[in-house]
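Let me begin by presenting the structure, written as structure tokens, before commenting on it.
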Amino acid sequence: MSNFVLPPVGFGPGSQPLGDEEAQLEYMPMPQDMRTYAPHVPDVAGDAGAAMALLAEVGEACTQVARDGGSRTFDLTGLNAANLALIKETLGEGEVAVKVWGLPALAAQESVFAGVWRVTGEGVDRIEVAQVPQAARARAFIPRRPAAGAQAPKGMGVVNAPALAVELEEKSANYATARELHVVNLTLLPHTEPDLLWLDVALGQGSATLLSRGYGNCRVTATALPHVWRVQFFNSMDTLILDTFEVTDMPEVVLAANEDLTDSAERIAEVLEAIR
């Protein structure tokens with residue numbers, strides 16, 4: 001047989017010697033630790049009838065809010081230690097946490113039941129059933145640091161940020177009539193580090209920050225420009241993979257959907273039935 005039809009020699013996988021740097025393949029660590037719902041039956045210690053009754057009302061509120069929208073709140077300040085302990089153990093901690101600055105400053109933690117929030121602050125301790133706590137909507141764009149706009153000082157390296165700021169200001173001003181989601185994807189646009197620093201000063205900072213922990217993290221921060229949010233997605237290794245501005249009432253990533261609220265009502269009923 002002639003050499004013409006023989007398979008070539010010295011080509012293909014395994015045909016070349018491995019250098020020291022190629023002696024072993026190393027793969028990037030895969031994402032892990034995704035949060036999922038796991039049913040939990042809390043221990044009941046003492047008389048917890050008030051907590052049981054309140055949780056039943058919370059379940060009914062989930063169905064009502066899923067159907068009609070809005071929110072419902074339940075004050076916890078009058079409950080004794082045993083009832084509060086049952087409430088805390090039953091609710092647990094879900095994916096989304098909220099901080100709202102102002103008077104009073106508020107912290108809200110979503111429970112394992114989507115759309116059911118524990119809201120705390122100075123003199124405040126309540127459960128709120130809503131897509132997102134109402135304080136995060138009402139106080140989001142109260143400036144902690146006012147927006148400087150075009151007056152923000154431009155240093156070396158500021159190239160595309162002023163044009164982006166004009167676009168966001170125009171969408172913010174017209175949002176009340178247009179009511180359309182508008183997204184500026186910084187990940188896909190050319191920009192410099194000074195551009196990002198300039199935008200931070202130009203748009204200012206609002207009074208609400210939300211963190212959604214799921215398959216990685218999503219950090220949502222209100223600017224001082226009405227309806228303009230900074231939405232940043234990080235993978236499980238805390239590497240920024242998507243950086244955007246959204247012009248909207250509230251970014252969808254932190255909202256509990258109506259289907260989630262309906263599901264929460266069913267899960268709360270199942271937990272109460274197991275306790276009984």
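The values are calculated or read from the model by the stated rules, or taken from the named source; none is laboratory data. Keep in mind the model is a prediction, meaning the values are calculated, not measured. Every residue, glycine as well, gets a Cβ built from its backbone with ideal geometry; the counts of neighbours run over all protein chains shown. Heavy atoms of the whole protein, side chains included, go into the accessibility calculation; ligands, DNA and RNA do not. Shrake-Rupley method; radii C 1.70, N 1.55, O 1.52, S 1.80 Å.
Here the Karplus curve 6.51 cos²θ - 1.76 cosθ + 1.60, taken at θ = phi - 60°, turns the phi angles of the range 163-174 into couplings of 5, 5, 5, 4, 4, 5, 5, 5, 5, 5, 5, 9 Hz, with x standing for Gly and Pro. Applying the Karplus relation 6.51 cos²θ - 1.76 cosθ + 1.60 with θ = phi - 60° to the range 188-202 yields 3J(HN,Hα) values of 9, 10, x, 7, 10, 4, x, 4, 5, 5, 5, 4, 4, 6, 5 Hz, where x marks Gly and Pro. To put it simply, the accessible area of the range 139-254 at a 1.4 Å probe is 58 percent carbon and sulfur. For Leu242, the residues whose modelled amide H falls within less than 5 Å of its own, excluding neighbours fewer than 5 places apart on the same chain, are Phe233. Restricting the GluC sites (Glu not before Pro) of the range 174-276 to loop positions (DSSP other than H, G, I, E, B) with no more than 10 neighbouring Cβ atoms within 10 Å leaves Glu180. For the pair the range 169-197 / the range 208-264, the C-alpha centres are spaced 15 Å from each other.
Rounded to the nearest whole Hz, the Karplus-based 3J(HN,Hα) values (6.51 cos²θ - 1.76 cosθ + 1.60, θ = phi - 60°) of the range 127-134 follow the sequence 9, 10, 9, 6, 4, 7, x, 4, with x at glycine and proline.
Computed with a 1.4 Å probe over protein heavy atoms only, the accessible surface of the range 139-254 comes to 50 Å² per residue.
Extension gain, Glu60 to Lys88, is 8.2 nm, computed as 0.36 nm per intervening residue step minus the present C-alpha separation.
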